[in-house]
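One structure is given below, encoded as structure tokens.
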Amino acid sequence: MLAKEVMSLKPEFLAPNVTLKQAADQMRTHDYGFIPVGENDRLIGIVTDRDITVRAVAEGWDPSKKTLREVMSKRVHFCQETDSLEKVALQMEKLQVRRLIVLNKNKRMVGIISLGDIATKGKNAKLCSELAEAVSHH
């Protein structure tokens, strides 16, 4: 199977000037744990629910005043929509991440693939269990 066969479609991204509260509200509404951050039609980072909690709330920052730019991770990990699930799983394991942005041949974001997508939509139970174990190690 390929990444494009199991990825979540129609990904959204938020602008870097969006507040942490706005992002958290969107995460709650859509049940996301991860949102890409974009500016001028380009991905410039990602924010997870953990980023908001650990980098902002734990520091005592006011989520209605701080922006995504202030907590986002600037390194964006990605795969290609035509990558095999085995290749995606190896990449997730190597990077110790649970999600990757999925790009098409024009380097445009077309989806997001998560450990959950591979587990629920993939056909290889052994791959899923090995990946879950590998990315969960600290």
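Determine the dipole magnitude for the chain: charges of +1 sit on the beta-carbon of Lys and Arg, -1 on that of Asp and Glu, nothing else is charged, the reference point is the Cα centre, and the result goes in debye to the nearest 20. Could you put the intermediate results ahead of the total?
Numbers: 22 positive and 18 negative charges, 56 e Å.
Using only the charged Cβ atoms, the result is roughly 260 debye.
Of Leu85, Leu95, Leu14, which is the most mobile in a GNM of the chain whose springs link Cα atoms less than 10 angstrom apart?
Answer for the Gaussian network model of the chain: Leu95.
In percent, what relative contact order does the chain have, based on Cα pairs under 8 Å that are 6 or more apart in sequence? Present the calculation step by step, with values, prior to reporting the outcome.
Details: 220 pairs, mean separation 39.2, N = 138.
Averaging sequence separation for qualifying contacts and normalising by length gives 28 percent for the chain.
Mind checking the full-extension length gain between Ser64 and Leu90? Use 0.36 nm per residue of separation minus the Cα-Cα distance, one decimal, nm.
Numbers: separation 26, 0.36 × 26 = 9.36 nm, distance 3.78 nm.
Roughly 5.6 nm would be gained on extension.
Ignoring ligands, DNA and RNA, please state the percent of accessible area on the chain from carbon and sulfur, probe 1.4 Å.
Numbers: 4160 of 8330 Å².
Here carbon and sulfur together make up 50 percent of the probe-accessible area.
Compare the peptides 38-44, 113-119 by average per-residue count of other Cβ atoms within 10 angstrom and give them in order, highest first. Working shown, then result.
Numbers: 38-44: 12.9, 113-119: 20.3.
Order by mean packing, descending: 113-119, 38-44.
Putting +1 on Lys and Arg Cβ atoms and -1 on Asp and Glu Cβ atoms, find which of Leu20, Val37, Ala58 reaches farthest to the positive end of the dipole of the chain.
Val37
Share of antiparallel DSSP beta bridges in the chain, in percent to the nearest 5? Intermediate results must be reported in sequence, preceding the final value.
On the way: 16 of 20 bridges.
Of those bridges, close to 80 percent are antiparallel.
Rounding to the nearest 10 and keeping the result within 0 to 90°, find how far the Cα-based axis of helix 20-30 lies from the longest principal axis of the chain.
Orientation of helix 20-30: about 40 degrees from the principal axis.
How many Å² of accessible area per residue for the chain, probe 1.4 Å?
Numbers: 8330 Å² over 138 residues.
Result: 60 Å² of accessible area for each residue.
The values are calculated or read from the model by the stated rules, or taken from the named source; none is laboratory data. Note that the structure is a prediction, hence the values are computed from the model and not measured. Neighbour counts run over all protein chains shown; Cβ positions are idealised from the backbone, glycine included. When the accessible area is computed, the model is the full protein with side chains, heavy atoms only, and any ligands, DNA or RNA have been set aside. Shrake-Rupley method; radii C 1.70, N 1.55, O 1.52, S 1.80 Å.
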